[in-house]
Amino acid sequence: MASIGFAGVSKTFDDGTTAVDALDLEIRDGEFMVLVGPSGSGKSTALRMLAGLEENTAGTIRIGDRVVDEVQPKDRDIAMVFQSYALYPHMTVAENLGFALRMKGVAKAEIARRVDVAAEKLGITALLERRPKALSGGQRQRVALGRAIVRDPAAFLMDEPLSNLDAKLRVEMRAYLARLHQELGTTTVYVTHDQTEAMTMGDRVAVMRDGRLAQCGAPQAIYDDPADLFVAGFMGSPAMNLLRARIEGDAVVIGDQRLALTEAVRRARPGLAAYDGRDVVVGIRPESVAQSPNGPVAGRTLELDVVLTEALGSDLLVHADVGAPVVLTADQEELAGEVVPEVLSRVTLRLPPGARVRAGERVRAIVDPDRLHFFDADTERAIR
Ligand code: ADP
């Protein structure tokens, strides 16, 4: 096992594309670190540099106490698991598991022992004599993991290993991988574009954007306190609602509605004092509002026109017009393409399934001021 360090690591490809830009990241011994970010943010390139499959053009990469920049991939003591698990079709599961050890010249008895141990950990002992084509997708993925485990490396590197599996199996495999990591305790770097995987699997999460590290921390810490608009919009589903607003004394004004900035809120975010009379972006998570059972609560109510509801069984998603401009992060803008104007003032609320809310009606949403997020409208950094 080993810690891993990226210090000022960059990758500029021959065509001039900078895929990773001055990445500083320390991964602790035994940690499960998820690199997450939209497509093209540099996650795979960072992982491939760690594996030695791409050369870094600046900075140093360390595995344990060894700088590995000049070390061949096979000598880095890491095992990589990819999304396409490419098992050898003509070999049995046992032979697939033992292949890398055989190539290294490990003695037959030792290979058999390690294959048995790994197979038992993965629950595939009964499959050892089968060939890959007689396995389900989930079983093949376990064999692919097994090939990494038998080598007992200093670290596992995983690049979207679950993205070829169907939704149900993916959820199972997530839990399974997390359990396996607990048991083995091997340092793991896991790349995904899926923020749910990042939230549920990582000890810590490194959020990447445009080749840079946007924020690194425990999943809940990032969710509760995103460092900027990009992270706020990226982590969480449905995404945080981000609205143009204005600070006016002890209120934040959203369209023609006012929410009170209580003493407690202002104490918790001393940075807000500098924003009196200025535009900000206010962030409201879909789940941090409740429907008012009675009338409005002074300073804590937003009145919204319901456009559409979606009953998910567990929740009722309510899409409603708030009468104030919505801010899209750069990536959301890209996704939205040509945005229809009315979508620009639409927010999403997550209410209990029994909430009586219908399209065309007005809903009174009680907002907990402690759970509002504030961002500088220009720098996009969180105001804390
Ligand atoms: P991610 O894994 O987050 O989707 P990548 O690391 O694959 O991102 O890619 C980051 C950026 O580097 C993208 O703009 C991609 O097009 C570019 N890129 C990746 N590989 C190469 C390459 N071999 N040559 C040139 N550009 C590349």
message = What whole-number volume per residue, in cubic angstrom, does the convex hull of the C-alpha atoms of segment 30-88 give?
response = 126
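Normalised by the empirical 2.2 N^0.38 Å for globular proteins, what value does the Cα Rg of segment 286-331 take? Write down the numbers at each step before the final one.
Working: Rg = 12.8 Å, N = 46, 2.2 N^0.38 = 9.4 Å.
That ratio works out to 1.36.
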Top positive-direction residue, dipole computed over the chain with Cβ charges, set 72, 186, 132 = 132
Cα Rg, Dmax, segment 225-384, angstrom units = 15.0, 43
ask   = Amide H of residue 3: which non-local residues (sequence gap of 5 or more, or other chain) have their own amide H closer than 5 Å, using H built in the peptide plane?
value = 29, 64
key: About the Cα centre, charge dipole magnitude for the chain (Lys/Arg +1, Asp/Glu -1 at Cβ), debye   = 1380
query = To the nearest 10 square angstrom, what accessible area does residue 31 show with a 1.4 Å probe?
reply = 10
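Which percent, nearest 5, of DSSP beta bridges in segment 53-206 are antiparallel? List each step's numbers first, then the result.
Numbers: 2 of 11 bridges.
Percent antiparallel among DSSP bridges in segment 53-206 is about 20.
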remark   = Full extension between residue 305 and residue 290 adds, at 0.36 nm per residue less the Cα distance, a length in nm of 3.9 nm
key: 10 Å-binned pair-distance histogram of segment 84-170 (Cα, whole percent)   = 18, 51, 28, 3
ask   = What size of dipole, in debye to the nearest 20, comes out for segment 57-131 about its Cα centre when the only charges are +1 on Lys and Arg C-beta atoms and -1 on Asp and Glu C-beta atoms?
value = 180
ask   = Using heavy-atom solvent-accessible surface (probe 1.4 Å) with all chains present, what is the largest-first order of 74, 121?
value = 74, 121
request  = Give the calculated FRET efficiency between residue 276 and residue 237 to the nearest 0.05, with a Förster radius of 35 Å applied to their Cβ-Cβ distance.
outcome  = 0.55
key: Dipole of segment 43-100, positive direction: furthest Cα of 91, 81, 50, with charges on the beta-carbon   = 81
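Report, to one decimal in Å, the Kirkwood hydrodynamic radius for segment 1-47 based on all distinct Cα pairs.
11.7
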task = Residues in segment 90-127, backbone N under 16 Å from the label point at residue 183 (7 Å along the Cα-to-beta-carbon vector): list them, ranges by number please.
result = 114-127
ask   = In debye to the nearest 20, how big a dipole does segment 144-268 give about its Cα centre with +1 on each Lys and Arg Cβ and -1 on each Asp and Glu Cβ?
value = 60
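Any idea what diffusion coefficient segment 193-243 gets from Stokes-Einstein, in µm²/s, Kirkwood Rh on alpha carbon pairs, 37 °C, 0.692 mPa s?
Details: Rh = 10.9 Å.
D, rounded to a whole number, is 301 µm²/s.
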query = residue 74: which lysines have alpha carbons under 17 Å from its alpha carbon, excluding same-chain residues fewer than 8 sequence positions away?
reply = 104
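Given just the C-alpha atoms of the chain, how large is their convex hull per residue in cubic angstrom?
Numbers: hull volume 65.9 nm³, N = 384.
Spread over its residues, the Cα hull of the chain gives 172 Å³ apiece.
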key: Convex hull per residue volume in Å³, alpha carbons only, for segment 169-289   = 142
ask   = Remind me, relative contact order of segment 1-96 in percent, using alpha carbon pairs under 8 angstrom and six or more residues apart?
value = 28
inquiry  = Among 265, 353, 236, whose Cα projects farthest towards the positive end of the dipole of the chain, with charges put on the beta-carbon of Lys, Arg (+1) and Asp, Glu (-1)?
reply    = 353
Those lysines that a straight Cα-Cα span of less than 29 Å connects to residue 168, excepting residues fewer than 8 apart in one chain = 43, 121, 133
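The values are calculated or read from the model by the stated rules, or taken from the named source; none is laboratory data. As the structure is a computational prediction, the values presented were derived from the model and not from experiment. All Cβ positions, glycine included, derive from the backbone under ideal geometry; neighbour counts span all protein chains shown. Just so you know, the surface numbers come from the protein's heavy atoms only, side chains and all, with ligands and any DNA or RNA stripped out. Shrake-Rupley method; radii C 1.70, N 1.55, O 1.52, S 1.80 Å.
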